[in-house]
Each structure stands twice: as structure tokens, then as C-alpha cells.
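**Q** The following block contains the structure, expressed as C-alpha cells.
Throughout, read-outs are computed from the coordinates displayed, never taken from laboratory work. Predicted, not measured: the structure shown is a model, and the values here were computed from it. Cβ placement follows ideal geometry from the backbone for every residue including glycine, while neighbour counts extend to all protein chains displayed.
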Amino acid sequence: MAIPNEPGGQLASAASPVSRRDVEVRWRLSRHARRLLTLALAAMLLAVLNRRPELAGLAAPALLLLGVGGAGAGWAARQRPPRAVLVAVRPSDRRLFEGEPAWIDLAVELPGEPGGGYDARWAFHPGRGIEPASATAVTAAVARFEFTAPRWGRRQAGMAELVLHDRWHLTGGQVSVTLPALDCYPRPGVQQETVVLSRLPNRLGEHPARVPGEGAEFAGVREYVPGDRQRQINWPASTRRGRLMVNTFAAERSQDVVLLVDATTDVGQPGSSALDMGLRGAAAAARAYLSRRDRVGVITYQWGGARWLAPSLGRRQVYKIIDTMLHADATWDRGASFRRLPRAALPPGSLVVAFSPLLDQRFVEALRDMRERGFSLIVVDVLNVTPPRRWSDAWSATDRIARRIWAMDQHAIRFALRELGVPVVHWDGVAPLDLPLAPYTRRALLSHGGATPRAPRGMPDEKPSISGMQS
Amino acid sequence: MTGHLISVARPRIAAMALGVAAAAWAAAPLLGSGWPGLALAVAGCCVAAGSLRLALQDVPELEEAYFASAPERAVRAALVIVRLLSWEEIGCVALLWLEVMHPARPWHTAVLGALLVAWLLTVHIAESGTRAAGLLRRQAKIVAAGACLLALGAAGAFLPGATSGAGAALHVLAAIAVIAAAVLVLPG
């Protein structure tokens with residue numbers, strides 16, 4: 001699986017293993033045999049009842065096919081139909097991105113001679129959210145079915161059905177194989193630049209800090225003191241000043257970044273809804289920050305609780321983050337209590353990047369609370385739809401007023417957050433995230449004191465009521 | 001892709017054509033309304049539904065109908081109905097019934113028998129995706145023997161006394177005996 005939008009990126013995942021298993025075959029009379037039998041019996045019955053020998057002759061070909069075929073396949077018992085067959089299943093990958101082409105290879109091994117004297121036909125019944133991209137039936141012992149998953153989520157690939165026919169096609173063996181589950185990841189957006197805090201924790205990284213250190217970025221010159229390295233002496237400055245001067249460099253630090261995904265509300269068309277964009281944006285941000293050696297974690301908040309992953313480093317963390325986000329859904333799901341999130345989930349002094357349509361008042365209150373406790377926040381607004389217009393009220397004054405009130409309410413929420421010092425940027429899901437974040441990636445984002453690891457207000461433990469969702 | 005579509009569509013079109021041909025052959029000459037009309041209507045419906053089933057064979061069933069729109073539900077119901085019954089079996093019985101309602105015409109009946117067997121074989125080839133050449137090559141001798149018996153049955157109907165009374169019953173018995181002998185003698 002290649003990571004979309006990543007230059008030259010191939011996933012470090014191993015090739016999917018082949019799964020082999022014995023599957024029971026259910027043998028029964030084939031449809032073809034049943035039809036021939038019906039034709040023969042009906043013709044014979046009518047011949048006897050009407051005393052017309054030509055109708056008996058009409059039954060002859062069907063009876064011959066049934067009789068001779070039956071004798072050849074069963075009665076002579078030259079080969080007993082196998083009770084079970086060995087089926088091999090190999091998906092191209094267990095993890096794929098939205099819209100990425102994938103396939104599943106299927107093969108059946110019959111006992112005895114190659115092919116076993118049976119005709120095999122594979123049929124693919126795709127699962128929910130899986131769209132076939134090739135023929136769904138193949139007449140061969142080995143088959144490959146291509147498909148795509150248009151939307152993120154944990155998907156069952158579906159079922160494969162194998163039908164085995166004997167030489168005369170009078171008996172048919174049916175085999176059903178459940179295909180493996182696949183993790184379909186949201187397709188990440190594009191983000192190259194990162195937002196960096198002005199105050200960084202004392203941990204080695206790649207961001208130039210405001211304190212002097214052993215980094216590579218030039219910070220200034222100062223007078224030489226015993227113990228300084230000779231290679232740091234700035235000879236032109238020493239010549240001008242008449243005393244030894246040494247170069248100083250900025251320390252290089254890393255930061256903790258927590259991606260906060262609001263999954264309480266999902267509005268918009270499936271595929272471009274607020275949650276879709278939130279997850280795509282969060283995936284892009286995770287990649288961008290992890291590539292800068294920052295520690296990145298994620299919290300998804302939804303009805304029933306939050307799921308979190310502590311900030312960590314490394315390429316694997318991208319997939320851990322996306323795996324955590326796959327559980328995000330706009331439905332109720334029991335998760336950890338937001339009040340009791342440990343310090344590891346939301347480290348003090350970390351940068352919190354929230355992806356939200358800002359429609360849930362509780363989430364807005366939580367953001368406000370986090371800001372008041374000193375977290376450095378930046379909100380990416382992923383709301384790209386307006387309330388649907390009812391045809392009956394399209395031009396009514398009530399409808400216009402309601403829409404204006406809604407728009408003003410949304411504007412007020414964003415204004416209030418900005419007044420608190422929380423930048424709110426709008427992302428349409430199409431353009432790179434660098435564009436809306438540009439004003440904040442050019443210079444360091446001002447850090448606001450140390451955060452106390454207190455639970456945010458406004459995040460209730462219990463399942464929220466419907467009225468609580470309406471802001 | 002186009003080649004694949006043609007190879008898939010060809011046996012389905014052939015099956016539909018053979019079904020229509022068998023229905024037309026059994027109906028000619030038209031006997032008017034009443035039971036013959038009913039038999040013809042049933043046969044026509046079965047041929048149409050069977051052809052539709054073959055044409056929609058690769059269309060997957062909708063798993064979730066709860067959130068489906070009304071047209072999607074209608075399509076789903078139609079798919080279920082089309083796939084529910086064995087239309088070819090009902091069609092065969094209806095066509096034989098229609099043939100019986102005509103006065104005795106042995107050669108006509110023999111041709112109808114050939115058409116029905118060809119129709120059923122083509123339907124099987126279309127729905128199973130089997131290579132027609134391979135299947136027919138394996139069954140060529142049996143089909144040829146069946147055709148001979150078909151001709152023998154038609155010829156037997158022309159013998160004196162074959163149309164009424166005890167002679168007719170004996171002729172039918174003889175035909176059945178010949179078929180049974182052929183089944184037992186021919187190698188599997």
C-alpha cells in the first residue's frame with residue numbers, strides 16, 4: 001500500500017500472507033440436472049397420459065444426459081466427490097486507503113489430478129462499502145477480484161462463492177468463503193509545513209528553539225569563555241572586535257502535538273462530510289509532524305467517550321493514529337472518559353490541533369476550557385455545508401431568518417474562540433492544509449504558560465442528551 | 001473488456017433466442033384464447049423472466065434495504081422475484097402442455113424437443129460461465145444419441161395404430177423401453 005500524497009513513500013507493511021483452509025463442500029443436484037429432470041418427467045407423463053410416443057421421444061435426450069451422466073459421475077463411483085477442498089485466500093493488503101485499488105486472489109486445490117476433473121467457478125459478493133472493479137465471476141480454479149473501498153472504515157471484503165461442477169454438470173458442489181476484513185484508511189490531505197510553538201520542551205528535535213544550544217541554525221555571536229570549542233570561534237567578528245568571539249546556535253527541540261478530532265457530528269455528503277475531512281486533515285497533520293520528529297498523539301471525541309493514543313514518535317505512529325481514528329464514528333460508542341484522560345494523552349505544554357465543524361457546544365466549551373488552562377490550540381474548521389433548504393420554505397421569511405440566525409451563531413462561536421486567542425482556520429478539504437495554516441507556520445505560535453493536567457470542563461462522562469447536541 | 005462483455009453476453013442472448021424460438025414453435029399455429037392462451041402466456045413470461053435473470057446475473061443484491069430509496073427497493077424486490085423461481089422448468093412444462101393441446105404432429109414435437117434441450121443447455125452455459133465448446137464436446141455423443149431417439153419417437157408415431165387405443169399405449173411403452181435401453185447401454 002503506497003501512502004497517497006507522500007513523495008516516494010511505500011508502506012513498510014509486509015505482503016499479506018496466504019490463508020489456507022479446508023472448506024466443506026455441499027454437493028447437490030445442479031440446476032441443469034433439475035431442469036433436465038423436469039423436462040423428462042413432464043414429457044414422459046404427458047406421453048403416457050395422452051398416449052403419444054413422440055412425447056416420450058422428446059424426453060429421450062434429457063433422460064440420456066441424466067442417466068449416462070449420473071452413471072458416469074456417481075454410480076460407477078470412479079471418483080467420489082471431495083467432502084472438502086483446500087482454499088487459499090490472499091488479499092493484496094489488509095490496509096488500504098480510500099479509493100485505492102486492491103484485489104483478492106483466490107485459489108482452490110482439489111484432491112487427485114490437477115483440476116480434479118471439475119469445473120470451478122468463483123463468484124465474488126462484495127461486502128458493504130466495497131465496490132468491485134472487475135468481473136464478479138470467474139470460471140477458473142484461480143481467480144482475482146479487484147475492488148475499491150470508496151470510504152474509510154473497517155470493512156468486510158465480502159464473500160466468495162465457489163461452485164464445482166462434475167464432468168456432466170449434473171452435480172454441483174458449493175463452497176462459501178468469508179473474505180478477510182480490511183482497514184480502509186482515510187485518504188490524507190496535503191500538509192508540508194507545521195505549526196511550531198514558541199516554547200518547546202527540553203527534548204532533542206528539529207525545530208529551532210529560542211534558547212541557545214547545539215543546533216545548526218545560527219543565533220548570534222558572543223564573547224569567548226573558557227571551555228568553548230575552538231571551531232565555534234567567529235574569526236571575522238574576533239578580528240573586528242579585537243577579542244575572541246564565538247558563534248552561538250539555536251537549540252533544536254521537538255514538541256508534543258495532540259490531534260483532537262471531533263466525531264460528535266458528521267454533516268455533509270458521505271465522502272466529503274465534516275468527519276471525513278476531519279480525519280483526512282488529522283492524517284495529513286500526523287504525517288507532517290511525525291516527519292519533523294515531533295511526538296504526535298490523537299484524541300477522537302464522540303458520543304459515549306473519547307479514544308486516545310499517547311504522543312509518540314516514528315513512522316508506525318501514523319498507522320497507530322489512523323487505526324485509532326478508524327473507530328471514530330458519529331454514533332455512540334463506549335470509550336474512555338474525557339475527564340479522566342491521563343496526562344500521557346494530553347501532555348502539558350503540547351500543541352493541540354483540533355479538527356471540528358464546531359457544531360457541538362460541548363466540544364466548543366471543552367476547547368475554551370483547554371485554552372483557559374494554557375494549552376496552545378489551533379482549530380481547523382471543517383464545516384463546509386449549510387443547513388439544507390426546504391423547497392416548501394425556500395423563499396419564506398422564516399427560512400431566511402432561521403438561516404441567518406444559524407450563520408450568526410456559527411460566526412459568534414468562531415469569533416469567541418478567536419477572542420480567546422484560539423486561531424480558527426477554515427479548510428475546504430480540497431486545498432492543501434498549508435494554505436489555511438500559512439499565517440501560523442511562518443512564525444512560532446505563542447505558547448501560553450504551563451498547562452495543569454486537569455480534566456476539561458464541558459466534557460460529560462455520561463451519554464449526552466439530544467438537547468445537549470443542539471447548539 | 002469489450003471482448004469479455006461479448007463473451008458473457010453471447011450465451012445469454014442465445015438462450016433468450018432459443019427460448020423465444022421454442023415458445024413460438026410450440027404455439028404455432030395459434031389455437032386462440034382459453035387454455036392454449038394461458039399456456040402460451042405462462043411460457044412467454046417464463047422465457048422473459050429467465051432471460052432477465054440471466055441478464056441480471058452479475059448484479060449484486062443490495063445488502064441493506066432499510067435506508068434504500070423507493071426505486072432501489074423496487075429494484076431489489078424485482079431481483080429477488082426474478083431469482084426466486086426456476087423459470088426454465090415452468091417454461092418447459094408450459095410449452096409441453098401447449099404442444100399437447102395441438103393435434104398430434106410428431107416431427108413438430110421432435111423439433112420442439114430439440115429446441116427445449118438446446119435452450120436448457122444454453123441457459124446452463126450462460127449461468128455457469130462454462131466454455132460451451134468443452135461442455136458440448138464432452139456430451140456430443142449423448143446428445144447425438146438423444147437426437148436419434150427423438151427421431152425414432154417421432155417416426156414411431158407414424159406407425160399404424162399409434163394414435164389411439166391399446167396400440168398407442170404400446171407405442172409409448174416401446175419408446176420408453178428404447179430410451180431405458182439406450183441409457184443402460186451407452187457408456188458413461
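**Q** Consider just the alpha-carbon atoms of the stretch A:213-252 and return their Rg together with their Dmax, both in angstrom.
**A** 9.9, 31
**Q** For peptide A:26-35, what's the mean number of Cβ atoms from other chains within 10 Å of each residue's Cβ? Let's see the in-between values first.
**A** Working: counts 0, 0, 0, 0, 2, 8, 10, 1, 3, 13.
For this peptide, the per-residue mean of nearby foreign Cβ atoms is 4.
**Q** Give me the number: length gained by fully extending A:T239 to A:D105, i.e. 0.36 nm times residue separation minus the C-alpha to C-alpha distance, one decimal in nm. Numbers along the way, then the final one.
**A** Details: separation 134, 0.36 × 134 = 48.24 nm, distance 7.35 nm.
Length gained between A:T239 and A:D105: 40.9 nm.
**Q** Averaged across B:112-121, how many Cβ atoms of other chains sit within 10 Å of each residue's Cβ atom?
**A** Working: counts 4, 10, 2, 0, 8, 11, 1, 2, 9, 6.
The per-residue average across the peptide is 5.
**Q** Give me the extension gain from A:Q269 to A:R20: residue separation times 0.36 nm, minus the current Cα-Cα distance, reported in nm with one decimal. Numbers along the way, then the final one.
**A** Values: separation 249, 0.36 × 249 = 89.64 nm, distance 3.98 nm.
Length gained between A:Q269 and A:R20: 85.7 nm.
**Q** Quick check on packing: order A:407-415, B:14-22 by the mean number of other C-beta atoms within 10 Å, highest mean leading. Write out the running numbers ahead of the final one.
**A** On the way: A:407-415: 13.4, B:14-22: 20.4.
Answer by packing, highest mean first, reads B:14-22, A:407-415.
**Q** Quickly work out the B:C148-to-A:R128 label distance, labels modelled 7 Å from Cα along the C-beta direction, and quote it in nm with one decimal.
**A** Distance between label points: 6.0 nm.
**Q** Can you sort A:E161, A:E217 by how many other beta carbons sit within 10 Å, fewest first?
**A** Numbers: A:E161 15, A:E217 12.
So the ranking, lowest neighbour count to highest, is A:E217, A:E161.
**Q** Helix B:70-84 versus the longest principal axis of chain B: what angle, 0 to 90°, nearest 10, using Cα atoms?
**A** Result, in degrees: 30.
**Q** Between A:A407 and A:Q361, what's the calculated FRET efficiency when r is the beta-carbon distance and R0 is 25 Å? Round to 0.05. Mind dumping the intermediate values first?
**A** Working: r = 16 Å, r/R0 = 0.65.
The computed FRET efficiency comes out at 0.95.
**Q** Where the only charges are on Cβ atoms (+1 Lys, Arg; -1 Asp, Glu), what is the dipole of the stretch A:132-244 about its Cα centre, to the nearest 20 debye?
**A** Details: 15 positive and 10 negative charges, 146 e Å.
Computed charge dipole of the stretch A:132-244: roughly 700 debye.
**Q** In nm, to one decimal, how far is the B:V20 label point from the B:S33 one, both placed 7 Å along Cα→Cβ?
**A** If labels sit at B:V20 and B:S33, their model points lie 2.6 nm apart.
**Q** Now for a separate question. Given a Förster distance of 30 Å, report the FRET efficiency between A:R231 and A:Q192 from their Cβ-Cβ distance, rounded to the nearest 0.05. Please list the in-between numbers first.
**A** Details: r = 33 Å, r/R0 = 1.11.
With a Förster radius of 30 Å, E is 0.35.
**Q** Can I ask one more? Treating only the Cβ atoms of Lys and Arg (+1) and Asp and Glu (-1) as charged, compute the dipole magnitude of the stretch A:213-252 about its Cα centre; round to the nearest 20 debye. Please list the in-between numbers first.
**A** Details: 6 positive and 5 negative charges, 64 e Å.
About 300 debye.
**Q** Suppose every Lys and Arg Cβ carries +1 and every Asp and Glu Cβ carries -1, with no other charges. What dipole size does the stretch A:255-301 come out with about its Cα centre, to the nearest 20 debye?
**A** Details: 5 positive and 5 negative charges, 62 e Å.
Here the stretch A:255-301 has a charge dipole of around 300 debye.
**Q** A further question follows. Testing the spin-label approximation: label points 7 Å from Cα along Cα→Cβ at B:I6 and A:S396. State their distance in nm.
**A** The modelled label-to-label distance comes out at 6.0 nm.
**Q** What net charge do the residues around B:E99 carry, taking every other residue with its C-beta under 11 Å from that of B:E99, with Lys and Arg at +1 and Asp and Glu at -1?
**A** +1
**Q** Could you tell me the extents of chain B's C-alpha atoms along the three principal axes, largest first, rounded to whole Å?
**A** 67, 43, 26
**Q** Rank the residues A:M370, B:M101 as a footprinting-exposure proxy: fewest other Cβ atoms within 10 Å of their Cβ go first. Don't skip to the end; give the middle numbers.
**A** Details: A:M370 24, B:M101 15.
In order of increasing Cβ crowding within 10 Å: B:M101, A:M370.
**Q** Can you give the mean number of other chain Cβ atoms that lie within 10 Å of the Cβ atoms in peptide B:99-106? All intermediate terms of the calculation are to be shown ahead of the outcome.
**A** On the way: counts 7, 8, 1, 0, 0, 6, 2, 6.
That works out to 4 on average.
**Q** Further question on the same structure: For chain B, what does the helix formula give at 222 nm: sum of -39500 (n - 2.57) over DSSP H segments with n ≥ 4, over the residue count, nearest 500 deg cm²/dmol? Mind dumping the intermediate values first?
**A** Numbers: 7 runs with 146 residues, N = 188.
Helices in chain B give a 222 nm mean residue ellipticity of -27000 deg cm²/dmol.
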